[in-house]
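S.K.: Structure below; questions to follow.
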Amino acid sequence: MAAEIGLLLLIIATVICLLIAVLPLLKNSSEPYTNALISLLIHLNTFALLGVMVILGYLFIANDFSVAYVANHSNTQLASVYKVAAVWGGHEGSMLFWITATALWSSYIVNQHKANSAFMRSLCAILAAIMCGFLLFLLFTSNPFARLLPNIPLEGRDLNPILQDIGLILHPPLLFIGYVGLTVCFAAAVAALLDTQANIQAHCRRIRPWAILTWVALTGGNAFGSWWAYNELGWGGWWFWDPVENASFIPWLVATAMMHALILSSKRNAFYASTLFTCLLGFAICLLGTFLVRSGVVQSVHAFAADPSRGVSILTLLILFSAGGFTLFAYRAPSLFKPSCYSVHSKESLMMLGNLILLIAALSILLGTCYPLLYEVLTEQSISVGAPYFNSLFIPLLVLISLLMGAAPLVRWQQAQPKVFIPLALYAGLALGLAVLLNLMALPQLSGYFICGSFSALWIFICIIAAVRQQYGQRAPSANRSQRFNAMCLAHLAVAVSILGATTVSHFEQDELLRMGPGQGKVVAGYTFVYEATEQVEYPSYSAIQAKIQVSDTKGQVFAYIYPQRQTFNTNGMQLSAAGIHRSLFGDIYISMGTPLSDSEYLVRISYKPLVNWIWIGALMMMVAGICLLRRPAIVGAARHTHSAGHRLGAPSVHNGGL
């Protein structure tokens with residue numbers, strides 16, 4: 001009965017979303033009672049969808065295997081925490097999570113702003129239309145409450161063992177919150193394009209905190225996804241340029257450009273066309289990535305089960321919403337352009353150029369991801385595009401982005417003079433010299449990738465130091481300006497930390513594949529590894545063969561025991577290699593246990609990964625920087641203003657530094 005109630009709530013939510021979408025089209029849509037009705041319906045829709053999520057979670061906890069989604073993603077032996085996480089661990093549940101999070105965000109927006117302006121009514125209607133499309137997609141192609149009647153299995157298939165990790169609890173929700181943010185920014189951009197009477201700068205100020213939160217969530221989603229793959233898959237890498245990885249990384253690049261464009265527009269009262277374009281593009285790329293992941297057109301360990309009908313439905317939604325948004329943009333774009341009075345040497349020009357490079361990087365990765373599909377359709381032959389392509393394009397673009405990232409905080413707004421680039425040239429020369437020197441000291445020959453990575457990190461470090469001296473050396477800035485500047489510095493420093501970590505582990509990782517058994521030892525990266533014993537361990541959902549490996553330092557002192565495993569899951573017999581990892585700030589010792597080579601010996605991979613954790617430390621620093629921007633009183637206050645205060649929000653801001 002619970003499943004039927006959940007399905008009924010889904011149908012009710014669909015009808016409510018349809019009503020919200022059409023109410024603003026009524027003749028008297030601006031009447032106070034209509035605005036109140038829209039707000040009430042939005043909250044009812046959120047309540048209904050939350051009820052659906054709760055019911056689905058109950059079905060997992062209750063082991064109701066008559067529901068196909070539960071039977072395919074759970075088991076009586078699955079830990080309760082993973083039963084809850086399994087709610088969004090499959091295709092149907094993850095789409096439901098996306099829709100529910102969109103509804104929650106809609107309720108928050110209405111609660112903060114009220115549906116009493118043309119912009120807010122349009123925003124609510126567009127979000128409702130998108131949710132309605134997604135709900136129809138769920139009901140007709142991906143019903144999470146579909147029954148397995150009359151043949152109800154006695155036991156479920158179990159959640160994919162790869163997903164039975166803390167990463168499932170953190171990675172997908174953050175990623176989907178980011179996708180929801182892109183959805184909200186898309187709807188807000190379309191609403192701004194429809195509202196021809198208001199000051200568009202006011203709308204950009206409203207969208208700005210939503211874009212920052214979107215970027216924070218996507219940063220966390222990508223970072224935890226990388227960390228999850230590093231820990232769980234046993235291969236020891238942190239990025240593979242997998243199509244599904246790219247499908248979440250491309251929206252992050254677009255969201256980064258969107259966030260900076262909104263900062264620029266809300267501050268300088270210009271660049272609206274490019275700003276709204278990035279808002280539209282972010283959602284379109286998000287839907288395209290969803291199509292790639294869920295249609296079966298790409299093969300990946302991260303992909304959902306292939307279903308052509310789902311792919312066609314998602315592609316239809318992509319074409320419908322994107323075509324509508326970009327058509328409206330093309331119609332309104334000429335009115336958004338205004339004469340520019342900014343020097344090519346100004347901060348505005350550098351930020352716009354940086355956004356352009358970010359979009360080029362995103363489209364380059366998208367091309368590499370989709371090219372094998374297009375090639376196969378056109379020639380009926382297969383081709384693969386791997387890391388060499390992506391590295392050869394992305395790393396040079398990363399250097400250009402880093403150059404602009406370091407230079408922009410040191411350049412003035414509007415009419416900056418060319419002489420400002422003289423000290424920047426000196427900083428660049430210093431960073432390049434240090435990068436080449438490090439290359440000569442650490443590697444036997446010159447490496448272009450190493451020089452690019454180390455130069456980018458050093459350049460950003462040097463420019464941040466110079467920017468801090470420039471900001472605080474002249475006069476004490478205001479509290480808001482200081483907080484904004486500090487958040488910007490932290491975000492840019494975080495990028496440098498991640499670049500340094502990625503460059504170091506890529507060039508100095510030491511790795512050996514060994515045949516090892518009890519009593520055998522080996523020296524790797526200056527550490528002595530002794531395989532002491534093979535143990536059999538039992539867990540509620542799986543059994544494992546576990547190696548006990550002693551690790552000693554250069555002085556012969558034992559400082560760690562590492563326990564890699566070969567896990568066999570009870571429900572499906574699937575085997576996984578679970579790495580044993582000794583973590584430290586300056587490097588991880590990573591050991592994975594492979595297939596048995598004899599009765600007592602196993603294939604063992606031992607790796608030393610210097611500074612690998614800096615990749616994720618940098619990502620966490622970026623998230624903190626974004627949260628600091630969200631806490632700015634000026635942003636929060638501006639975001640809470642309604643349409644009636646648009647004339648005040650449209651006033652030009654003070655010409656000051658930072659972001």
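The values are calculated or read from the model by the stated rules, or taken from the named source; none is laboratory data. Just so we're clear, the structure is a prediction, and the values are computed from it rather than from any experiment. Methodologically, a virtual Cβ is constructed for each residue, glycine included, from the backbone with ideal geometry; neighbour enumeration extends over all protein chains shown. Ligands, DNA and RNA are excluded from the accessible area calculation, which covers all protein heavy atoms including side chains. Shrake-Rupley method; radii C 1.70, N 1.55, O 1.52, S 1.80 Å.
S.K.: Can you compute the FRET efficiency between GLU31 and TYR472 using 1/(1 + (r/R0)^6), with r the Cβ-Cβ distance and R0 = 51 Å? Round to the nearest 0.05. All intermediate terms of the calculation are to be shown ahead of the outcome.
M.R.: Working: r = 53 Å, r/R0 = 1.04.
Calculated transfer efficiency: 0.45.
S.K.: Taking H placed 1.01 Å from N in the peptide plane, check which residues at least 5 places from GLY594 or on another chain put their amide H under 5 Å from its amide H.
M.R.: When sequence neighbours closer than 5 places are left aside, the close amide H contacts are LEU603, VAL604, ARG605.
S.K.: A further question on this structure: Ordered by residue, what ³J(HN,Hα) values in Hz, to whole numbers, does segment 402-414 give under the Karplus form 6.51 cos²θ - 1.76 cosθ + 1.60, where θ = phi - 60° and Gly and Pro are x?
M.R.: With coefficients 6.51, -1.76 and 1.60, one gets 5, 4, 5, 4, x, 7, 4, x, 9, 10, 7, 6, 6 Hz.
S.K.: Find, to one decimal place in angstroms, the Kirkwood hydrodynamic radius of segment 565-630, where the mean of 1/r is taken over every pair of different Cα atoms and then inverted. Please list the in-between numbers first.
M.R.: Values: mean 1/r = 0.0682 Å⁻¹.
Radius from the Kirkwood sum: 14.7 Å.
S.K.: Quick check on segment 1-122: what does the Kirkwood estimate of hydrodynamic radius come out to from the alpha carbon pairs, in Å?
M.R.: Details: mean 1/r = 0.0638 Å⁻¹.
The Cα-based Kirkwood calculation yields 15.7 Å.
S.K.: Once segment 1-56 is represented by equal point scatterers at the alpha-carbon sites, with solvent omitted, what log10 I(q)/I(0) does the Debye formula produce at q = 0.17, 0.19, 0.23, 0.31 Å⁻¹?
M.R.: Cα-only, vacuum Debye calculation for segment 1-56: -0.56, -0.64, -0.81, -1.15.
S.K.: Per residue of segment 489-499, in order, report the coupling 6.51 cos²θ - 1.76 cosθ + 1.60 (Karplus, θ = phi - 60°) as ³J(HN,Hα) in whole Hz, putting x for Gly and Pro.
M.R.: Along segment 489-499, the couplings run 4, 5, 5, 5, 4, 4, 4, 4, 4, 5, 4 Hz.
S.K.: Farthest toward the dipole's positive end in the chain, which of ILE109, ALA255, LEU378, given Cβ charges of +1 (Lys, Arg) and -1 (Asp, Glu) about the Cα centre?
M.R.: Towards the positive end, the residue furthest out is ILE109.
S.K.: Dividing the alpha-carbon radius of gyration of segment 323-452 by 2.2 N^0.38 Å (N being the number of residues), what value is obtained? Numbers along the way, then the final one.
M.R.: Values: Rg = 20.2 Å, N = 130, 2.2 N^0.38 = 14.0 Å.
That ratio works out to 1.45.
S.K.: Are any of the pairs LYS267/LYS419; LYS419/LYS609; LYS555/LYS609 more than 32 Å apart by Cα-Cα distance, and if so, which? All intermediate terms of the calculation are to be shown ahead of the outcome.
M.R.: Numbers: LYS267/LYS419 25 Å; LYS419/LYS609 43 Å; LYS555/LYS609 20 Å.
The answer is LYS419/LYS609.
S.K.: Now a separate question. Cα convex hull of segment 400-511: how many Å³ per residue?
M.R.: 112
S.K.: In what sequence, largest accessible area first, do LEU373, LEU194 appear using a 1.4 Å probe?
M.R.: Numbers: LEU373 45, LEU194 95 Å².
In descending accessible area the options line up as LEU194, LEU373.
S.K.: From the P(r) of segment 365-429, can you give the percent of Cα pairs sitting at distances over 16 Å? Write down the numbers at each step before the final one.
M.R.: Numbers: 1316 of 2080 pairs.
Of all Cα-Cα pairs in segment 365-429, 63 percent lie more than 16 Å apart.
S.K.: Now a separate question. Read phi for every residue in segment 4-15 and hand back ³J(HN,Hα) as whole Hz from Karplus 6.51 cos²θ - 1.76 cosθ + 1.60, θ = phi - 60°, with x for Gly and Pro.
M.R.: 5, 5, x, 5, 4, 5, 4, 5, 4, 4, 4, 5
S.K.: Computing the accessible area with a 1.4 Å probe over protein heavy atoms, can you report the carbon and sulfur percentage for segment 537-611?
M.R.: Values: 1750 of 3430 Å².
It is 51 percent, rounded to a whole number.
S.K.: While we're on this one: Going by the alpha-carbon gyration tensor, a ≥ b ≥ c the square roots of its eigenvalues, is the chain rounded (a/c under 1.5) or, if a/c is not under 1.5, prolate (a/b greater than b/c) versus oblate? It would help to have the intermediate numbers written out before the result.
M.R.: Working: a/c = 2.08, a/b = 1.13, b/c = 1.85.
Note, shape of the chain comes out oblate.
S.K.: For THR379 and SER447, compute 0.36 nm times the residue count separating them, minus their Cα-Cα distance, and round to one decimal in nm.
M.R.: So the extension gain works out to 20.8 nm.
S.K.: From the residues SER598, CYS452, SER506, which one has its Cα farthest along the dipole of the chain in the positive direction, the dipole being from +1 and -1 charges on Cβ of Lys/Arg and Asp/Glu about the Cα centre?
M.R.: Result: CYS452.
S.K.: Thinking of segment 463-555 as a set of Cα atoms, what percent of all their pairs are more than 19 Å apart? Please report the intermediate quantities before stating the final value.
M.R.: Working: 2884 of 4278 pairs.
Value for segment 463-555: 67 percent of Cα pairs lie more than 19 Å apart.
S.K.: How big is the dipole moment of the chain about its Cα centre under a simple scheme where the beta carbon of each Lys and Arg is +1, that of each Asp and Glu is -1, and everything else is neutral? Debye, nearest 20, please. Write down the numbers at each step before the final one.
M.R.: Numbers: 34 positive and 25 negative charges, 621 e Å.
About 2980 debye.
S.K.: In addition: Using modelled amide H (1.01 Å from N, peptide plane; none on Pro or chain starts), what sits under 5 Å from the amide H of VAL67, excluding residues fewer than 5 places away?
M.R.: Hits under the 5 Å cutoff: LEU148.
S.K.: Check GLU532: other-chain or 5+ apart residues with amide H under 5 Å from its amide H, H built from backbone geometry?
M.R.: GLY519, LYS548, ILE549, GLN550
S.K.: Over the chain, give the accessible area per residue in Å² for a 1.4 Å probe, as an integer.
M.R.: Accessible area per residue, the chain: 42 Å².
S.K.: Further question on the same structure: Along the charge dipole of the chain, Cβ charges K/R +1 and D/E -1, which of SER122, LEU7, ALA21 sits furthest on the positive end?
M.R.: SER122
S.K.: Along its three principal axes, how long is segment 155-287 when you only count alpha carbons? Whole Å, largest extent first please.
M.R.: Projected onto the principal axes, the Cα atoms of segment 155-287 cover 59, 33, 21 Å.
S.K.: ASN151 label point, 7 Å along Cα→Cβ, cut-off 17 Å on backbone N: hits in segment 52-68?
M.R.: Label zone hits: 65-68.
S.K.: Normalise the Debye intensity by I(0) for segment 44-96, one equal point scatterer per Cα, no solvent, then take log10 at q = 0.24, 0.25 Å⁻¹ and round to two decimals.
M.R.: Debye intensities relative to I(0), on a log10 scale: -0.86, -0.92.
S.K.: Using a simple charge model, +1 on the beta-carbon of Lys and Arg, -1 on the beta-carbon of Asp and Glu, nothing else, what dipole does segment 491-639 show about its Cα centre, in debye to the nearest 20? Provide the component values of the computation, followed by the final result.
M.R.: Details: 10 positive and 10 negative charges, 112 e Å.
The dipole magnitude comes to about 540 debye.
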